[in-house]
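Undergrad: Here you go, one structure.
The values are calculated or read from the model by the stated rules, or taken from the named source; none is laboratory data. Since the structure is predicted, the reported quantities are computational estimates derived from the model, not experimental observations. For neighbour counting, all protein chains shown are included, and Cβ atoms are generated from backbone atoms with ideal geometry for every residue, glycine included.
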């Protein structure tokens, strides 16, 4: 049985109990939210991991780190180093987005080494195989998609991004309402091109029931991909995006009816004043399913700093109810990410997630802030550093500016406000 099916039978599994203990919430509350589809636990029954996580209502905001080979860099060892960095800095999940050589070998190596749930975008492998074996990336069939899904599920993949919402209907909406940037999702663009070339419906949509059968067998969580996500703030919340969202909402109901866990992916590039609307629309059309957002990036003008534009949007989105943030690195739009890019992306996303959790859960999330504030008040730099989201950087900064030990920072020195007030309050 799947975790959703257990929840429907009011059975608290060992996995549910582990999640409830980690999140410090009542296991009955967790069961109730899984049962209603508001929480998912991505964990293939064949994949043994030491750091499982729940995503959704009542749980801390989770973050995902994307790794994987590209057509320019296909080094499995490098991707495993990225996995290690992402896990060191506490990413909750990993997605393997490989499109370079040895896709299957890369995925299997990541699955073997990962301590956290691993997701994939199966259409990438399907398209790469079609290109290498049949002379064109669109030379694949619905059967090829189902075979890829089945194989990856057998290997232990915990969640799939499946681009079911790029259909003839949503493409017609895109053609009717022109965008500045069209489709920017790689998987979405592959499926749109396939539909146009073959003049057939999207196999992910047409064979959705068969996909559900595969997901059910291994308890793979489906992440319904946002192929129509906006790639510019000028395209946000347009008819094509909303048309796809409504399709995903209907598919999420079908998944739950088959006892398959499901979450919804979201934008994208969204200006600040539209973020709340996007969250409310997703929760409305998708029956409160967990919402997984890429950023959102709140401006298009910051190449090299898109981990920051993403963190701003992610903090707002999660504070309004998004459950899961996909990190964005400084390399976004520019290059294949480096190890340092992965680290920066994870940390920026974690800051956003925690900032949102302070709004959503207050006392539960504020405990961390309370501890570091007390250490700061006591000018206990050793403890401040230990509590920092990036202790390595905090320690480096502290040591780099001090010729000797001091109980103040070199910004204020003798004029430290806390030292001054300490004396005032003593009198």
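Undergrad: Inside the range 106-147, can you point out the residues that are touching a helix residue (DSSP H, G or I) at 6+ places or on another chain (Cβ under 8 Å) and assigned to a strand (DSSP E or B)?
TA: 118, 120, listed by residue number.
Undergrad: Something else now. Can you name the number of the only condition in (1) farther than 30 Å from residue 367 by Cβ; (2) free of Cβ contacts under 8 Å to residues at least 40 places away in the same chain; (3) out of contact with any strand residue (DSSP E or B) (no Cβ under 9 Å at 6 or more places or on another chain) that residue 79 fails?
TA: Just one mismatch for residue 79, condition (3).
Undergrad: Let me ask something else. In the range 250-269, what residues are closer than 18 Å to residue 290 by Cβ and either part of a loop (DSSP other than H, G, I, E, B) or within 19 Å of the chain's Cα centre (by Cα) (or both)?
TA: Those that are closer than 18 Å to residue 290 by Cβ and either part of a loop (DSSP other than H, G, I, E, B) or within 19 Å of the chain's Cα centre (by Cα) (or both): 252, 258, 259, 260, 261, 262, 263, 264, 265, 266, 267, 268.
Undergrad: Right, next: Checking the condition surrounded by 18 or more Cβ atoms within 10 Å (Cβ to Cβ) and closer than 17 Å to residue 3 by Cβ, which residue from 298, 260 passes?
TA: 260
Undergrad: Only helices (runs of 4 or more DSSP H) wholly contained in the range 296-389 count here; list those with 1 or more residues that are closer than 28 Å to residue 282 by Cβ.
TA: Ranges flagged: 306-320, 339-361, 363-377.
Undergrad: State the number of residues belonging to the range 158-213 that are surrounded by 18 or more Cβ atoms within 10 Å (Cβ to Cβ) and within 30 Å of residue 115 (Cβ to Cβ).
TA: Selection size over the range 158-213: 12.
Undergrad: For the list (1) in contact with a strand residue (DSSP E or B) (Cβ under 6 Å, 6 or more places away or on another chain); (2) surrounded by fewer than 19 Cβ atoms within 10 Å (Cβ to Cβ), I need the number of the one condition that residue 13 fails.
TA: (1)
Undergrad: Answer yes or no as to whether residue 116 is buried (at least 18 other Cβ atoms within 10 Å of the Cβ), within 30 Å of residue 388 (Cβ to Cβ) and in the same structural domain as residue 158 (by TED's automatic domain parsing).
TA: yes
Undergrad: Within the set of pairs 6+ apart or on separate chains, which have a first residue in the range 13-35 that is farther than 17 Å from residue 261 by Cβ, a second that is at pLDDT below 95, and C-beta atoms under 8 Å apart?
TA: From residues that are farther than 17 Å from residue 261 by Cβ, the pairs are 24/364.
Undergrad: While we're looking at this one, here's another question. Only one of these conditions is not met by residue 231: (1) touching a strand residue (DSSP E or B) at 6+ places or on another chain (Cβ under 9 Å); (2) part of a loop (DSSP other than H, G, I, E, B); (3) crowded, with 20+ Cβ neighbours inside 10 Å; (4) in contact (Cβ under 8 Å) with a residue 60 or more places away in the chain. Which number is it?
TA: (4) is the only condition that residue 231 fails.
Results for (1) modelled with pLDDT under 95; (2) surrounded by fewer than 13 Cβ atoms within 10 Å (Cβ to Cβ); (3) in the same structural domain as residue 306 (by TED's automatic domain parsing), shown as yes or no for each residue.
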| residue | (1), (2), (3) |
| --- | --- |
| 329 | no, no, yes |
| 335 | no, no, yes |
| 347 | no, no, yes |
| 356 | no, no, yes |
| 381 | yes, no, no |
| 388 | no, no, no |
| 399 | yes, yes, no |
| 404 | yes, yes, no |
| 407 | yes, yes, no |
